[in-house]
Amino acid sequence: MNTGEQVGLRTFVTGAAAALLAGATGTGTAEAAEVTAAAEAAGLVGGNLPDFYPSLKDELNFPLAWGTSPLRDFRAWRRAARAKVEEHLLVERQDGTPYAPEFTDRSQGDGFTRELVTLSLTRHERVRGALLTPHGTGPFPAVLLLHDHGAKFDIGKEKLVRPWYDDTRLASAQAWADKYFSGRFVGDELARRGYVVLCADALGWGDRGPVDYDQQQALAANFYNLGSSLAGLMAREDARAAGFLAGLDRVDTRRVAAVGFSMGAYRAWQTAALSDDVAATAAVCWMTGLKEMMVPGNNTLRGQSSYYMLHPGLARHLDIPDVASIAAPRPMLLLDGEQDPLFTAEGVQVAYAKLRAVWTSRHAAERLRTEIWPGLGHVFTEPMQDEVFTWLTSVL
């Protein structure tokens, strides 16, 4: 592969300009502490929450949630809830944009064929993804594999699919797999087990970056100033990717799953909520109640990364698990670590209870599995992966 041919590659502003763009002050630890103290004196909790934030949280009663909404027909509720989410994406549907796929860098893996596919997920740019196809006769079940955030932007799809096409990214990708995935490349494992796998970069990662951590907030703000949304773009692209995967001749269109870890888990259940092309969802380490997440000290309150998962105003209508519930009664598996520092145990349990209520109301409680793994943090270990693989076999 010609590594100089970077589809969708962009150079983000760096150095002093980036600091100005991101609102950075260049302050040290002591100076930052003084800034925080001053902010708290001015009525900001921890420097980034208004002191009246409990009142704002009390006003969130999620009136469109299933069971609270005046709509009693579930299909009607799903249509209304999905429409409300789509309204807050600030990015219109891209159904009329041809995918126009181009396939390159074909090679053989262990029991599967690897290739890169470049396609239009929106009308704005071409995106490159890794596409793995099992050896044998299809059509095969398929997995839309969605990468995490991790504040590591040099690799995106390479976190989950071994980068056969770029040796310069292999060491970084392997280190990431060692840290979070027990050394495995999850996409390769799925392909060996008989699944077509598609994994593409979100804006800011891999071929579409890298963005710097402190640039995320400015990037998101500039999307808003342009009448668009960073999180909305990612949501639309993921739904389009699901449609592309389901439409491949090699894929059984009725057996497509969305699978992800961390931000990828958020992307997985969000895609299931927005797309009927997803028949099942496995989401690892991203589920919580919104109110339980908005507490002093939580990582979300730092801003920056949160903008990839923020649809302004949606919380006036739906809680986080309410959005995931739009996918009901299709099968869904959620795994979370007991010691995950990003989500409070209370938040996970609140979300699980809301989800169970929805699936139970549809007489489909057995199609929802929620688990908290004792002793584990924010990881997707080999035993967790094996459970996902076994579960996918049972539902697809």
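Per-residue answers, yes or no, for (1) farther than 23 Å from residue 321 by Cβ; (2) of a type in the set (A, V, I, L, M); (3) open to solvent by 20 Å² or more (accessible area, probe 1.4 Å); (4) in a helix (DSSP H, G or I):
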residue	(1), (2), (3), (4)
242	no, yes, no, yes
260	no, no, no, no
270	no, no, no, yes
278	no, yes, no, no
(message) Residue under question is residue 235, and the condition is that it be buried (at least 21 other Cβ atoms within 10 Å of the Cβ), under 20 Å from the mean Cα position of the chain (by Cα) and of a type in the set (Gly, Ala, Ser); does it hold?
(response) yes
(request) Give me the pairs, please: first residue somewhere in the stretch 101-124 and farther than 14 Å from residue 200 by Cα, second residue anywhere and part of a strand (DSSP E or B) and of a type in the set (Lys, Arg), beta-carbon distance under 8 Å, and either six or more positions apart or on two chains. (result) 105/114; 106/114; 107/114; 108/114; 113/106
(message) Checking residue 250 against (1) touching a residue at least 40 places away in the same chain (Cβ under 8 Å); (2) over 21 Å from residue 283 (Cβ atoms); (3) open to solvent by less than 10 Å² (accessible area, probe 1.4 Å): exactly one of these is not met. Which one?
(response) (3)
(request) Return a yes/no flag: does the stretch 175-186 have any residue that is open to solvent by 10 Å² or more (accessible area, probe 1.4 Å), farther than 26 Å from residue 245 by Cα, part of a helix (DSSP H, G or I) and modelled with pLDDT under 95. (result) no
(request) Enumerate the pairs (first residue in the stretch 60-82 and closer than 13 Å to residue 327 by Cβ; second residue anywhere and of a type in the set (A, V, I, L, M) and open to solvent by 50 Å² or more (accessible area, probe 1.4 Å)) with beta-carbon separation below 7 Å, excluding pairs fewer than 6 apart on the same chain, so at least 6 apart or on different chains. (result) 77/71
(request) Please enumerate the residues belonging to the stretch 344-376 that are open to solvent by 20 Å² or more (accessible area, probe 1.4 Å) and closer than 28 Å to residue 177 by Cβ. (result) 344, 345, 369, 370, 371, 372, 373, 374, 375, 376
(message) Scan the stretch 209-229 and tell me whether some residue there is at pLDDT 95 or above, open to solvent by 10 Å² or more (accessible area, probe 1.4 Å), within 22 Å of residue 327 (Cα to Cα) and small (Gly, Ala, Ser).
(response) no
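The values are calculated or read from the model by the stated rules, or taken from the named source; none is laboratory data. If you're wondering where the values come from, they're calculated on a predicted model, not measured in any experiment. Neighbour counts are summed over all protein chains in view; Cβ atoms, including those assigned to glycine, are modelled from backbone coordinates with ideal geometry. The accessibility values were calculated without ligands, DNA or RNA, using every heavy atom of the protein model including side chains. Shrake-Rupley method; radii C 1.70, N 1.55, O 1.52, S 1.80 Å.
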